[in-house]
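The structure appears below as structure tokens.
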Ligand code: ADP
Ligand code: F6P
């Protein structure tokens, strides 16, 4: 193997740059030529490749976002699009590809592998919704961003005897909501996996008021079946709730920012390992974090496995929110 490429795809996450840097520098260590593909599968189909040397990845370790940019591309979901992508890689003499992204991006990586092209995936998504790894790149930074916001919101909530509904990201996975509820001392948390009804959130906030709390926080993942605006309306129409109620939707601030120490290390380790695995001739695999060590698992298996959140975290959240 003489030439490899790396791309970032799907929703960005803090630490993607650290992973790109690690892929490039590991490739150079082994005497490989490393191309960056800009804007994920869009750049692949458009032939948007740039040669990356050591200097091109200088000063990016600590930066959020992705220097290669990212995109979502519908054409690549089609068999014709995937064959076109394969042609582009072959035209450039690329012999192996590292895809850094979420579960959609890994589906794309699997498609290329099934066409016979060597591909290794690196899980990067703030949602932590990818099986086969205990943590994806960006999750830790997003959690730190959320708890900083929670700390600030609690200060003002407490001054005004208010309840805050905080909506956090997580389209289909409540990991960010659940863990931030534990770390931020929330009274109640509602996730797609363990949805708490509007009525039960009303009851939890009322109970907090009756216990004499000066503030209350409910964390709701964006993927639950109701809108947080409807929840707030219901709370405001219920005089028993006691608190004055405000809504704060944290939104995309959760996806940006400098990666935490944990994410820099995870991304660096995964980037190095991905190139080593490619050089060993493995393909269709994703690099993951086990207990301490890095693992590799078939992407196909990773994508069919559920990504459950340990029930013990729900117990922890319930016990500590009394
Ligand atoms: P993420 O990787 O963050 O989950 P998306 O789900 O938007 O983000 O996926 C990113 C891109 O991966 C899509 O825009 C598409 O180009 C590609 N992709 C997603 N699903 C598939 C699929 N089933 N087959 C091939 N490519 C896919
Ligand atoms: O990266 C995953 C995620 O953060 C989801 O939690 C969220 O629903 C989605 O991305 C929003 O992404 P975008 O605004 O880029 O469509």
### Query
How high is the relative contact order of the stretch 62-141, given as a whole-number percent (alpha carbon pairs under 8 Å, six or more residues apart)?
22
### Query
Between residue 249 and residue 300, what FRET efficiency follows from the Cβ-Cβ distance if R0 is 35 Å, with the result rounded to 0.05?
0.45
#### Entry: Zone residues, the stretch 175-205, relative to residue 320, backbone N less than 16 Å from point 7 Å out along Cα-to-Cβ
175-190
### Query
Rounded, prolate or oblate: which fits the stretch 98-176 when a ≥ b ≥ c are the square roots of the eigenvalues of the alpha-carbon gyration tensor, with rounded for a/c under 1.5 and prolate only if a/b beats b/c?
prolate
### Crossing angle, helix 311-320 versus the chain [Cα axis fit, 0-90 degrees, rounded to tens]
30
### Query
Given Cα pairs under 8 Å that are at least 6 residues apart, what percent is the relative contact order of the chain?
23
### Task
Treating the angle as unsigned and between 0 and 90°, give the value, to the nearest 10°, between the Cα long axis of helix 103-114 and the longest Cα principal axis of the chain.
20
### Message
Under 10 Å, Cα contacts only: if you run a Gaussian network model on the chain, which one of 62, 292, 82 comes out with the highest mean-square fluctuation?
### Response
292
#### Entry: Where labels lie 7 Å past Cα in the beta-carbon direction, separation of residue 60 and residue 91 in nm
2.3
### Summary
Mean-square fluctuation maximum in Gaussian network of the chain, Cα pairs under 10 Å, restricted to 298, 190, 58, hits 58
### Task
Could you tell me which of rounded, prolate or oblate describes the stretch 82-125, using a ≥ b ≥ c as the square roots of the eigenvalues of the alpha-carbon gyration tensor, with rounded for a/c under 1.5 and, failing that, prolate when a/b is larger than b/c and oblate otherwise?
prolate
### Label-point separation in nm, residue 114 to residue 2, each point 7 Å along Cα→Cβ
3.2
### Task
Find how many whole Å separate the alpha carbon centroid of the stretch 171-244 from the alpha carbon centroid of the stretch 51-103.
40
### Task
Output the antiparallel fraction of DSSP beta bridges having both residues in the chain, as a percent to the nearest 5.
20
### Message
Relative contact order for the stretch 269-322: what percent, with Cα pairs under 8 Å and sequence separation of 6 or more?
### Response
23
### Task
Would you kindly calculate the mean projected area, averaged across all directions, of the convex hull enclosing the Cα atoms of the chain, in square nanometres?
16.2
### Message
Between residue 199 and residue 148, how high is the FRET efficiency from 1/(1 + (r/R0)^6) when r is the Cβ-Cβ distance and R₀ = 30 Å? Nearest 0.05.
### Response
0.45
### Task
Starting from the Kirkwood radius over alpha-carbon pairs of the stretch 263-309, derive D by Stokes-Einstein at 10 °C in a medium of 1.306 mPa s and give it in µm² s⁻¹.
138
### Query
Pairing the Cα long axis of helix 139-160 with the longest principal axis of the chain, what angle in degrees results, from 0 to 90 and rounded to the nearest 10?
20
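Read-outs throughout are calculated quantities, based only on the coordinates presented, and are distinct from any laboratory measurement. Remember, predicted model here, so these are calculated numbers, not experimental data. Here Cβ is always computed from backbone atoms with ideal geometry, including for glycine, and neighbour counts include all displayed protein chains.
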